[in-house]
Structure formats: structure tokens, C-alpha cells
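Below: one structure, written as C-alpha cells.
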């Protein structure tokens, strides 16, 4: 699968998005603000995660007319979310020619047992992960990009940090295992052994891994980049803040210059209020999005 | 001048270029600001989003410094867009390193991205070309020389020590084009 030509074209787009910021947008105006701020892609959805969390009910794929409206106003790639396991929503998104599909835990899952067989699609997919087992199962299903799940709509970076560290620790561990240990490691992680062997050989995932879920400030973006994220997704963090255009620009700058604290400091000045955010401990367990 | 290849690392697939340069055992450096350009002999402009990269580089005169880089420059996909004199869809000015007009996302959206075997001037072997939301060169000036083709279509051009490719040699198995690029003498053409 990793040698497949289609796979190369899919991962190719993920490569092009590295070092950038992908912003959640719900309409054409927001998409334009995101592009003008320097976003490398936008994610079209019905409501940002913080509103999904606040309003409850079933969260579904965005209205196709909204997606078309967004596609019309920007020249950067347009992504859209479908529900976990909802391959018919994914087919619709492919028919709409979005550039990337996020099979996302932020929406209400359509299938509690199975994810979409993503290798079948021509459009590349991204999925969230909390640990290496999840990451490798998603690659086995054909994703071209991974991201941490974090806790979407919380404005709290702690879960994204946990997920990024967990995945990277597990990769480092594999590079130190003997060949005899790889099959058992695959069994324990619930992951394809070929991918375990790949990790042992190369020490990194065969697809880019981005950060998502709780990024609200330029420093949050710089933190995730330094922890090994190759780009960042910002959901509610921008359009739930008091100055979306200013904050969007600042997060873009901080992502590019994540190694330069002076630039991150400069970018962080006079941004007004960040989104309020939630302590993860205050979210009832059955309302966590990451466990979907 | 000692060979040191700078790779513009504002946004895009700069790591893929650095991986190729590492394979070729040539020194490289990620370029994010004017200071990083010091002592750089060759410059690579990777794939990525041209709107993003032009927004960030326009601050502090960085854009003009990149546009005026005198040593060899190789731009791939987005890089070829920025190097052009004229950009179409949406319309904008490029650096004018090469007298050409280029159309962004000319093959369509991601669903129309593809790989195919093309032809390059410097080798008899077919060259695997990876096109990701790729641009098309639509007009070239008389001192700009085609150096890569997919069928009849021009996919790469050169003028002086500047090379623009609409595909991604950094994502294919062959290092031929990078090898050729770093063989060009550093310093002004």
C-alpha cells in the first residue's frame, strides 16, 4: 500500500501542507479571512467544535452548498469533515471534489465499530489518533495524514500534548525493539505488523502527523510544532476569539517561526481575548470527543 | 563559495527537499528569514501554498531579497509559481526570475492530481513526475529554455541559473534533477 502511486499522490498533498495552519471555517467570509491570514488550507464545517459541544444534538457533514460557497472564494485546498464510518458522506464529499476528507470524531459517529475503508477513495483522508495503535490502524485503512485528536472545542492544549507525546514515545520504543519483539508489539497495539516493521526501520510514520484539538494561541502552535507536529489545525480557537483575523495571522506566524520565541512573542501581542476554554476535568466523560 | 543549499521553510514540503539533499551529501539549511540566507550558495523553493508563503515573506523586505537571489534557484510546483514573472488564477506578480506566465492549480483540484512518466533534457531515462494541484506554464519568453516535458506539455524551464519545475522531483525516486541543480556553480550567473 505504501508503494502505491495513488498513495503517493495523496501523501503528496499532506506534504505540501506541512509547516502551515489549517483553519476551521463555517462560511465564505470566514474562509476568506483564513486565506488572507495565510492559512494553507481551510476545513469546511457546519459549526466549530465549541458550538457543537455547546449545542449538542447530532453533528453531521456540512451542507454541500456551504462547501461549494467556500470552494468558490478561496484558492487554497478545502477540506471537509464526515462522520466516522459514514462512507456515504465521504462519497458526497468526494463528488464535491473537496481536497481532503477528515473522518472526524468531532462529528457524531455513524458507526461505532468500523471506520471508512479510505484506501478505496481517490481523495486523501485525515483521521485523529490518541496513541500509536489508533494511528497505525488508520494508516492501515488508508489515511494520508494523521492528527492528534486532542479535545476539540475545549481551547485546552493538554490533550493534544498528551496524544502527540504518546504517539512519539511509542515510535521511539519500537526503534529500540529486537526483530523478535515486533509481532508481539503489533498484537499489543492492535496494529498491522508491516507498519511496525516500517517504524523500526525508519523511526517515523509513513504519513505526516499534525496537531489538532485545543490550539488557541500562537504559543500553543509553537509548542505543538516543537513536540513534533508537522502542521497545526485550529478549530474553535480562531473564530471564537475576539479578533479572528489578528489571531489567525499570529498563529500562522508562530507556526512558521516556532523555533524563534521572539517572533512568537511579537505575534502574541495585543490579540485580545482568546477563547474561554474548558478544563478537561470539567467535561463529563460521556461528552469527551476524543474517545469516539 | 562553499556549497550550502538553502531551502525556503516558510510552509510546504521543504523536508522532502532536505531529505534528497541529505542523500546527496550536500549541506543544507532551512530558510525562514533574511538572516538565514547568509552564505547560502543555492536556493530551493519547495511545493506548498503560494498565497501563504507570499503573505509571510512580504513582511520586512524578505520577499525582495528572495526575488533578488543571484545564485542558482530551483523551484518546484509552488516554487515555480513564485519564480514566474506573471501568475494567473488568482492574478499576481511573481519574482520575475524567469520570463514566463504560469497558471495556478491548472489541472484542477486534488482529485486531478497524478503521477506520470515524463521526459527531462538532462537524461535519457523517463522521469517520474508527481503533480499535486499543479500549475501549468502557459507562456515563456524567448530566453527561457524548456527542460522537462509531459507529452508535448512543458513542465520545466530554465534561464541562466534559474530552474522552475511544475512537478515535484523531491517526491520521486530519482535524484537526477537535484544532482544537476547542485552541480551549477554558486554565486551570480
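Throughout, read-outs are computed from the coordinates displayed, never taken from laboratory work. As the structure is a prediction and not an experimental result, all values here were calculated from the model. Cβ: placed from backbone, ideal geometry, glycine included. Neighbour counts: every protein chain shown.
Observations on the structure shown:
- Take the Cα of residue A:243, step 7 Å toward its Cβ, do the same at residue A:287, and the gap between the two points is 3.1 nm.
- Net length available on complete extension from residue A:51 to residue A:72 is 5.1 nm, with 0.36 nm assigned per residue and the Cα-Cα distance removed.
- Angle in degrees between helix A:28-37 and the longest Cα principal axis of chain A, rounded to the nearest 10: 80
- Sequence-distant contacts, meaning Cα pairs under 8 Å at least 6 residues apart, place the relative contact order of the stretch B:5-183 at 19 percent.
- Neighbour counts of other Cβ atoms within 10 Å put B:104, A:197, A:165 in the fewest-to-most order A:165, A:197, B:104.
- Debye intensity ratio I(q)/I(0), log10, the stretch A:75-212, q values 0.13 Å⁻¹ (C-alpha model): -0.57
- By other beta-carbon atoms within 10 Å, ranking A:176, A:61 with the fewest at the front produces A:176, A:61.
- The mean sequence distance of close C-alpha pairs (under 8 Å, at least 6 residues apart), as a share of the length of the stretch A:81-201, puts its relative contact order at 20 percent.
- The angle separating the long axis of helix A:64-73 from the principal Cα axis of greatest extent in chain A is about 70 degrees.
- Dimensions in Å of the stretch B:5-183 - Rg and Dmax from alpha carbons: 14.7, 44
- Pairwise inverse Cα distances across chain A, averaged and inverted, put the Kirkwood hydrodynamic radius at 19.0 Å.
- Global geometry of the stretch A:1-148, whether rounded, prolate or oblate, following the gyration tensor of its Cα atoms and the 1.5 cut on a/c: oblate
- Each Cα pair under 8 Å and six or more residues apart adds its separation to the average, and for chain A the resulting relative contact order is 19 percent.
- Cα Rg over Rh - the stretch A:215-292, Kirkwood: 1.02
- Comparing A:274, A:248, A:212 in a Gaussian network model of chain A (Cα springs below 10 Å), the most mobile by mean-square fluctuation is A:274.
- Highest-fluctuation residue, B:16, B:164, B:148 considered, GNM on chain B with Cα pairs under 10 Å: B:16
- Between residue B:189 and residue B:175, the simple label model (points 7 Å from Cα in the Cβ direction) yields a spacing of 2.6 nm.
- To the nearest ten degrees, helix A:158-175 and the longest principal axis of the Cα atoms of chain A are 30 degrees apart.
- Between residue A:63 and residue A:158, the FRET efficiency from the beta-carbon distance, with R0 = 30 Å, is close to 0.35.
- Top of A:23, A:275, A:43 by mean-square fluctuation, Gaussian network on chain A, Cα under 10 Å: A:275
- Estimated at 0.36 nm per residue, the fully extended path between residue B:27 and residue B:70 surpasses their Cα-Cα distance by 13.6 nm.
- Rough spin-label spacing in nm, given labels placed 7 Å along Cα→Cβ, for residue A:270 and residue B:139: 4.2
- Rounded to the nearest 0.05, the FRET efficiency derived from the C-beta distance between residue B:93 and residue A:180 at R0 = 45 Å is 0.15.
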